[in-house]
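I have placed the structure first, in the form of structure tokens, so that the comments after it can refer back to it.
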């Protein structure tokens, strides 16, 4: 079974690369596949740690940029609510960001009971426009990440289930190629859809930050973290199913 899944992943990578040669918009897939080779000697446990470290680094950079506390991990109850369909990843991350902002407001009030006023007489908002914009799109990014990783995991699980369900005499190279081809298309489609949504979110973030004259350096941090995770995810699936 592991050999089958490894073949599925390799076939997906190479066939996608072949298609990429004819479609420039798939260039990120080539880069992710090639970059994943640097992790080929890592175990899945080591890769899990690397992925977590990449995520923590991103959260620390976001906190540095926005001046807030790093995003916390989701609680078991929040995860359960998502699985029951009672909420979404994006809504949960919006709540987490609101918690951070509320804590900042409370700290500001303690340190400065008489809040300074703006020229129009209204209190100075404790959350800057740049932070509010960034928070909104960070929640969207984490929502996208969770959605597509979940869909990719489900796709791989479905491929395993389909192969297992075949009669033993049908565990042939032809059957493997058929299933590989079928799920390669689904996985490539998921990656393409995710890339499109991520690019749309980052374009909107960049536009809104520029509109208020804010620093846009956070975009490169997010893009770099996203590319790194794609490469590590490919290596992780290879290590898991290889």
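The values are calculated or read from the model by the stated rules, or taken from the named source; none is laboratory data. Predicted, not measured: the structure shown is a model, and the values here were computed from it. Every residue, glycine among them, receives a Cβ derived from its backbone with ideal geometry; neighbour counts consider all protein chains shown.
This table checks each residue for (1) without any contact (Cβ under 8 Å) to a residue 24 or more places away in the chain; (2) over 23 Å from residue 96 (Cα atoms).
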| site | (1), (2) |
| --- | --- |
| 142 | no, no |
| 195 | no, yes |
| 199 | yes, yes |
| 203 | yes, yes |
| 207 | yes, yes |
| 211 | yes, yes |
In the stretch 178-194, residues that are closer than 16 Å to residue 233 by Cα and either touching a helix residue (DSSP H, G or I) at 6+ places or on another chain (Cβ under 6 Å) or not in a helix (DSSP H, G or I) (or both) total 5
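Within the bounds of the stretch 35-50, is there any residue that is modelled with pLDDT of 50 or more and closer than 20 Å to residue 136 by Cα? Full working, then the answer.
Going through the stretch 35-50, the residues modelled with pLDDT of 50 or more turn out to be 35-50.
Filter once more, so that each one left must be closer than 20 Å to residue 136 by Cα: none.
No, the conditions are met nowhere in the stretch 35-50.
For the stretch 158-171, indicate whether the set of residues that are over 30 Å from residue 234 (Cβ atoms), outside any loop (DSSP other than H, G, I, E, B) and either in contact with a helix residue (DSSP H, G or I) (Cβ under 9 Å, 6 or more places away or on another chain) or at pLDDT below 80 (or both) is non-empty. It would help to see each step written out before you state the result.
First, pick out the residues of the stretch 158-171 that are over 30 Å from residue 234 (Cβ atoms): 167-169.
Now restrict to residues that are outside any loop (DSSP other than H, G, I, E, B): 168-169.
Remaining after also requiring either in contact with a helix residue (DSSP H, G or I) (Cβ under 9 Å, 6 or more places away or on another chain) or at pLDDT below 80 (or both): none.
The answer is no, given that none of the residues of the stretch 158-171 is over 30 Å from residue 234 (Cβ atoms), outside any loop (DSSP other than H, G, I, E, B) and either in contact with a helix residue (DSSP H, G or I) (Cβ under 9 Å, 6 or more places away or on another chain) or at pLDDT below 80 (or both).
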ask   = Does residue 175 satisfy the condition of being surrounded by 13 or more Cβ atoms within 10 Å (Cβ to Cβ) and more than 22 Å from the chain's Cα centre (by Cα)?
value = yes
Screening 177, 207 for residues that are more than 23 Å from residue 43 (Cα to Cα) and modelled with pLDDT of 85 or more leaves only 207
